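A short reminder: the numbers here are calculations on the coordinates, not readings from a lab. Worth saying up front: this structure is predicted, and the values here are computed from it rather than measured. When we count neighbours, we look across all protein chains shown, and the Cβ atoms used for this are built from the backbone with ideal geometry, even at glycine.
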């Protein structure tokens, strides 16, 4: 199912003007704080009523200001995971999870025990929200939203309040949701690594406008977009498959650009992964280097070069996918790089952090 | 207890309990509604409503009682219709004592409940809405349980105030033994006659006992509910 969003709203001193389509999968709304992400998601939820707009799924019009349609939140059949969890303090975890089921919604929703199992909530059921940690609250909030049998899942930086280890624990749950359910997920975030790992579609917001919208892999590998995403965080994703676990703590993977060795990934051979490689961690070389400590040498072809005061962003084709490299203008000139040239991209194994490796 | 108190004294205690319970029970829905409106809505005339609710708190009780007599007396501009249409007469009846006690206790009840409304995070109600709850269900399943400590506090405060109400009651329904003579009116009457001090003192003890019991019960209830509402 697909969600179409077009809205225009005038806040005092701030205009929201957004237009995008979210296909099945996870659509990330990415932008700095204050770019209007939460307003967009609130408009989809029906909490904010935009001046003008049309929001619709395949079979339902949630909002159409031109024909005065505006479904109230409780009739939009959506699950909203708020930044601050918003669990009901007077109910137990079990009652919080079941809350959405008290209301008349199609009964063929997800099975209670399945969701409890998926999110690891079994031990928490009899507790009250006041006795839960931040990560546990987030998991319960996700479970509660899913169990209301939504046609659409909204997540507003659900992990913003969590530290990195907690976040790393929860990201796999979101990947599972994305891959195992047919519900489109609208996910607000200002953390690019998180977006790169989770998103199938990316919408970049800047000062209330949707600058770009499209498949996440394409946008993340677009050198023209890298400044808007943040040069330090810019980086593309390539897919790879685990082929073997090395005895020295490394995992061997097969990619379109050649074999890769990365710090141990605890998954069996055959697992397909998507790996984000930060543009500034990529070294380019004309010849296949010898006697080098870096293990990963991928062969590809230059497709695009973008020069600016901040240096050169080079996009490489690795098989059908793209990699982004950020080098100095001086290096780009000295190597006389040009689109179409064959090139070797070198990446240190340890440059790829565990949080950059996601399920395919 | 009945041989310790004389029949007249016992009737006054029973009447006061009955009047106070009815006054509290009947005004509670209105108290919740008015507190909700004052806490959550913005509208023209909100300050006027707020002032009207608080009026019995700042007016001399005798004035409130007299105004009630003007409005709800048998010839009053509301009272005459209540009599004609429903055969309901309030002035000089125990039912009028209920009205007087309810009006006098109303500001205290509304204040307590309003504070608890203001303490409820509207974001929780929003969350309930996204989970499919209509506004009425949100109120019943989220807002009401969360304001319950305030509702209990408001009800107990109103009950205690109703037990002690004197000025408006005696002005509106007078002091007829067995009909409108409440506990405070009875104490007042006994103090007016020579040698009535022992009777008055017994009723004072009853007053203190009822007030303390109400306080203890409300504290127990409120702390239980508060623990639940705090999410622990």
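Size descriptors for the range B:1-145, from the alpha-carbon set: Rg then Dmax equal 19.3, 61 Å. Note: relative contact order over chain A, using C-alpha pairs below 8 Å and six or more positions apart, is 17 percent.
For a footprinting-style exposure proxy, rank B:161, B:228, B:46 by other Cβ within 10 Å, fewest first. Working shown, then result.
Values: B:161 22, B:228 19, B:46 12.
So the ranking, lowest neighbour count to highest, is B:46, B:228, B:161.
Here r is the Cβ-Cβ distance between residue B:48 and residue A:272 and R0 is 56 Å; the resulting FRET efficiency, rounded to 0.05, is 0.25. Taking other C-beta atoms within 10 angstrom as a stand-in for reagent exposure, A:333, A:57 fall in the order A:333, A:57, fewest first. A Cα-only calculation for the protein assembly as shown places Rg and Dmax at 34.8, 119 Å. Over the protein assembly as shown, dividing the summed -39,500 (n - 2.57) contributions of all DSSP H runs of at least 4 residues by the number of residues returns a 222 nm mean residue ellipticity of -13000 deg cm²/dmol. Here the label points at residue A:350 and residue B:144, each 7 Å from Cα along the C-beta direction, are separated by 6.3 nm in the simple model. Roughly how many nanometres apart are two label points built 7 Å out from the Cα toward the Cβ at residue A:71 and residue A:19? The two pseudo-label positions are separated by 2.4 nm.
Beta-bridge orientation, the protein assembly as shown: approximately 80 percent antiparallel, per DSSP, counting only bridges with both partners inside.
Sort largest first and round to whole Å: the equivalent ellipsoid semi-axes of the range B:153-232, each the square root of five times a Cα gyration tensor eigenvalue.
Numbers: eigenvalues 225, 43, 9 Å².
Taking √(5λ) for each Cα gyration eigenvalue gives 34, 15, 7 Å.
Computed extension gain for residue B:30 through residue B:119, at 0.36 nm per residue and net of the alpha carbon distance, reaches 30.1 nm. Between residue B:58 and residue A:320, the modelled labels are 7.7 nm apart [label points 7 Å from Cα along Cα→Cβ]. If both residues of a DSSP beta bridge must be in the range A:129-229, then about 60% of such bridges are antiparallel. On the beta carbon distance between residue A:295 and residue A:335, with R0 = 30 Å, the FRET formula returns roughly 0.85. Of all the options A:132, A:220, A:152, the one that moves most in a Gaussian network model of chain A with Cα springs shorter than 10 angstrom is A:132. Result for chain A in a Gaussian network model with C-alpha springs under 10 Å: among A:46, A:340, A:79, the largest mean-square fluctuation is at A:340.
Between residue B:85 and residue B:10, what is the FRET efficiency for a Förster distance of 30 Å, r being their Cβ-Cβ separation, to the nearest 0.05?
Numbers: r = 35 Å, r/R0 = 1.18.
Rounded to the nearest 0.05, the efficiency is 0.25.
Note on chain A: with a GNM built from Cα contacts shorter than 10 Å, the maximum mean-square fluctuation among A:207, A:122, A:83 falls on A:122. Taking a point 7 Å out from the Cα of residue B:18 in the direction of its Cβ, the residues of the range B:163-177 whose backbone N falls within less than 14 Å of it are B:176-177.
Using only the Cα atoms, what convex hull volume per residue in Å³ does the range A:235-359 have? All intermediate terms of the calculation are to be shown ahead of the outcome.
Numbers: hull volume 12.3 nm³, N = 125.
Cα-based convex hull of the range A:235-359, divided per residue, equals 98 Å³.
Size descriptors for the range B:20-64: radius of gyration and Dmax over Cα atoms are 12.3, 34 Å.
Going by how many other beta carbons lie within 10 Å of each one, how would you line up A:86, B:227, A:101, fewest first?
With the fewest neighbours first, A:86, B:227, A:101 line up as B:227, A:101, A:86.
Largest first, the three principal axis extents of the alpha carbons in the range B:122-188 are 57, 17, 16 Å in whole numbers.
Taking 0.36 nm per residue of separation and subtracting the Cα-Cα distance, what length does fully extending residue A:288 through residue A:112 add?
Values: separation 176, 0.36 × 176 = 63.36 nm, distance 5.45 nm.
Residue separation times 0.36 nm, minus the Cα-Cα distance, leaves 57.9 nm.
With 0.36 nm allotted per residue and the present C-alpha distance subtracted, the residue A:180-residue A:245 stretch has 20.7 nm of extension available.
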